[in-house]
Amino acid sequence: MRAIHALMLLFALACGSLAAQPAQPAIIWDPSPNYTSGRSGTTIDSIVIHTTEGSYAGAVSWLKNPSAGASAHYVIKEDGSEIKQLVANSNQAWHATYYNSRSIGIECAGFANQASTWTQGILPKLYDLVAWLCYTYNVQAVHPSGTAGSSSAQPYTGVGLVGHYQIQPWNRSDPGPHFDWNAFVAQVNARLNPGGSNDVIVDNVDSGFKVNSGSWSTGSSAAGRYGTDYRFAGTTTGSASAECEWRPNIVTTGTYEVSVYYPAGTNRAIDAPFSVSHANGTSSYAVNQQINGGGWVVLGTHPFFSGTRHAVFLRNNASPSVVLADAVRFRFISAAPAASAPGGLSATALSPTSIRFDWNWATWADGYWLDLATSPADLTSQTGSFQNFNAGASNTYTWNGLAPNTAYYWRVYAVNTQGGNHGFPTPASVTTPPNSGSAPVISSLSPDPVALNAMLTINGTNLLGATVTVGGQAQVLTSSSATQLVMPLHPATPLGTQAVVVSTSQGTAGSSLTVAAPAAGLPAVNGVNPDPVRRTELLTISGTDLSGASVTIGGAAQTVVAGPNTITLNVAPATPLGTGQLLAVTTGAGTAYASVDVLPAPGGASGASDTGGSCSTAEGRSLSGLGIALLLALALRRKVRKAP
């Protein structure tokens, strides 16, 4: 695994520096009266390139003249020093006859038959403007082939970056034979896609989209949608009754701009409640879905860890009639630095064969590896007694199966897709105690029979540090002492008469009980995801008969969205921390119990850019070869041995 992380780092280095989204170029508003209001529900899917066949000043003057019967959205000056906008993008300029409703028209000052038109003054400004428009309106940055027929009776239908000559070949030739379409498309895409494969778009038909609760219908008639269709849910006042999510698979740990796409309409919510789960917590946004449809509307810029830990959520507690769920884009802005070294390392010997290790969150860490050895030399060289364990996104791990009366040297490696650093404890080692004491004894089991998701209590002696299985299924203790073990019966425990085994370092004790299914109508919890979960992070509880449920974790009340089979909640900041926190799901029929490990709130990306954009009214525009070889050698040199 360490080798894989290092190879990903090499890939990132080889790709070089990655820039931000296309910026809107400086534009001067100089309105023309020559336009048609609105777009009659048509989505912008094309940008048409023209030449003015005259000077910049003359073209602007003429296109503003009511008698001209013509206009364009933008005119670019010969040397690129100025861009004027004559018609709002939401309206139709009169520039390309039957293409007006679906396109944006750009006039470039100069002549179609003169190579001197295409200077390094005007071209970069054209590339910048078109890249920004493609980004904002989701126009494909391609140059389609072909032209219309010999008359308007045989219209052109190409989508993307189009020449005026393709739409009206019978009387137009611009932008002319000297315009380099290949360079144009390449330059626009270079501005559009600086993040390369790091950018992620999740549409409502993709595997990263999921309905968590409530009823979401499918629609395909509204203009301005992304792809073939979209989902929508009726709104409600008070608590939300429907929720969906877009969960990206982030390739590179770093900062991403998050945008949403939807078809606007007069019955849409003016305060659609989107929330973004990211490396620094959760940010909420109210989006007016009556405006700015058919383009990317920026929510904000946030840090994200790699993988599928984060998501965007939409709920239906809004007004007026419906909220729309279409597409979400995670646009790569910059890569995170390598994860910093974790601090606060501490270790506690729990028994002759187990040690609990803890450490603080490290900045920008995707996850952690715990390294262990019985000598400093083995720890450094990763040989001999060296072992390690991938703790994932957790900052604690209890290592079982160790030798009694043995000193263990250890360290923690924080890592992300760009690399990582080791943190070291003081003192450098921890010693397990020698074997002593007696084997565990079970004196009673209560209740018997016991239902799945019910609380099971085991009384006895010598139970400290015990683990429990029922029917071979490991159980999670929510309370333990030398004389009593308490746990919610795991939902995967087999039904019927099952063996109960209690194990400590001193031996095992056995008994049996009867496991039953929950009574009809009682809530049942089948899964909790993720586990462990951090404070403020989204938690999903799956099961049956969950409608109207309330939830507590470690005794702390949670704010939930509950459907018949799914409950979602953001873990309350006051929820107790630690492993095996008791999770209680209560309805009018009864309570189901489970457990979850609770970690501190996300804070591992502190110092990263984390800004939100106003979305109610605004548009979404908002190593050398030797070094690589050395890193590769180090990556391949590292040995990995799994913990028992």
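Rule-based calculations on the coordinates, nothing more; no lab input. From a predicted model like this one, the values you see are computed outputs, not experimental measurements. Here Cβ is always computed from backbone atoms with ideal geometry, including for glycine, and neighbour counts include all displayed protein chains.
What does the charge dipole of the chain about its Cα centre add up to, to the nearest 20 debye, if the Cβ of each Lys and Arg holds +1 and the Cβ of each Asp and Glu holds -1?
So the magnitude is around 660 debye.
Sorting check: for 541-551, 424-434, which peptide has the highest mean count of neighbouring beta carbons within 10 Å, and how do the rest follow?
541-551, 424-434
Would you mind calculating the gained length between SER479 and ASP358 on full extension (0.36 nm times residue separation, minus the Cα-Cα distance), in nm to one decimal?
Full extension of this stretch gives 41.6 nm more.
Take the alpha carbon atoms of region 227-349, find their radius of gyration, then divide it by 2.2 N^0.38 Å using N residues; give the quotient.
Compactness ratio reported: 1.25.
Which of the peptides 555-562, 410-417 is most tightly packed, and how do the rest follow, going by the mean number of other Cβ atoms within 10 Å of each residue?
Highest-to-lowest ranking by the protection proxy: 410-417, 555-562.
Mind computing the radius of gyration and Dmax over the alpha-carbon atoms of region 441-516? Å is fine for both.
Rg then Dmax for region 441-516, in Å: 10.9, 31.
How large is the translational diffusion coefficient of the chain in µm² per second when you combine the Kirkwood radius over alpha carbon pairs with Stokes-Einstein at 25 °C and 0.890 mPa s?
86
Mean residue ellipticity at 222 nm from the helices of the chain, using -39,500 (n - 2.57) per DSSP H segment of n ≥ 4 over the full residue count, to the nearest 500 deg cm²/dmol?
The per-residue figure over the chain is -3500 deg cm²/dmol.
Over region 27-192, consider all pairs of different Cα atoms and compute the Kirkwood hydrodynamic radius from their mean reciprocal separation; express it in Å, one decimal.
15.6
Compute the Rg/Rh shape ratio of region 524-599: radius of gyration over Kirkwood radius, all on alpha-carbon atoms.
Computed over Cα atoms, the ratio is 0.92.
Determine, for each peptide in 215-226, 523-534, the mean count of other beta carbons within 10 angstrom over its residues, then list the peptides with the highest first.
So the order, starting with the most tightly packed, is 523-534, 215-226.
Between SER284 and ILE270, with labels modelled 7 Å along Cα→Cβ, what's the label distance in nm to one decimal, could you check?
Once both label points are built, they end up 1.9 nm from each other.
How high is the FRET efficiency between VAL159 and SER61 when r is their beta carbon distance and R₀ equals 45 Å, given to the nearest 0.05?
The pair VAL159/SER61 has a calculated efficiency of 0.90.
Quote the FRET efficiency, to the nearest 0.05, computed for SER101 versus ASN526 with a Förster distance R0 of 56 Å and r equal to the Cβ-Cβ distance.
Result of the calculation: an efficiency of 0.65.
Kirkwood hydrodynamic radius of region 482-537 from all distinct Cα pairs, in Å?
14.5
Rounded to whole Hz and in sequence order, give me ³J(HN,Hα) for region 115-125 from the Karplus expression 6.51 cos²θ - 1.76 cosθ + 1.60, θ = phi - 60°, writing x for Gly and Pro.
Working through the residues one at a time gives 5, 5, 4, 9, 8, 7, x, 7, 5, x, 5 Hz.
If you project the alpha carbons of region 343-432 onto the principal axes, what extent comes out on each, in Å, largest first?
Extents along the principal axes: 38, 26, 21 Å.
I want the local charge near VAL322. Using Cβ-Cβ distances under 11 Å, sum +1 for each Lys or Arg and -1 for each Asp or Glu among the other residues.
+2
Which FRET efficiency, nearest 0.05, do ALA492 and PHE424 yield, Cβ-Cβ r, R0 51 Å?
Once rounded, the FRET efficiency stands at 0.85.
Using only C-alpha positions, report the orientation-averaged shadow area of the convex hull of region 24-99, nm², one decimal.
Directional mean of the projected Cα hull area for region 24-99 stands at 5.3 nm².
Compute the length gained on full extension between LEU577 and SER446: take 0.36 nm times their separation in residues and subtract their Cα-Cα distance, giving the result in nm to one decimal.
44.4 nm
If I model a spin label as a point 7 Å beyond the Cα along the Cα-Cβ vector, how far apart are those points for ILE28 and SER150 in nm?
4.5
Can you tell me how much longer the chain between ASP180 and LYS210 gets when fully stretched, taken as 0.36 nm per residue apart minus their C-alpha distance, in nm with one decimal?
6.5 nm
Quick check: pseudo-label points 7 Å beyond the Cα along Cα→Cβ at ALA88 and SER547, how many nm apart are they?
Output for this residue pair reads 4.5 nm.
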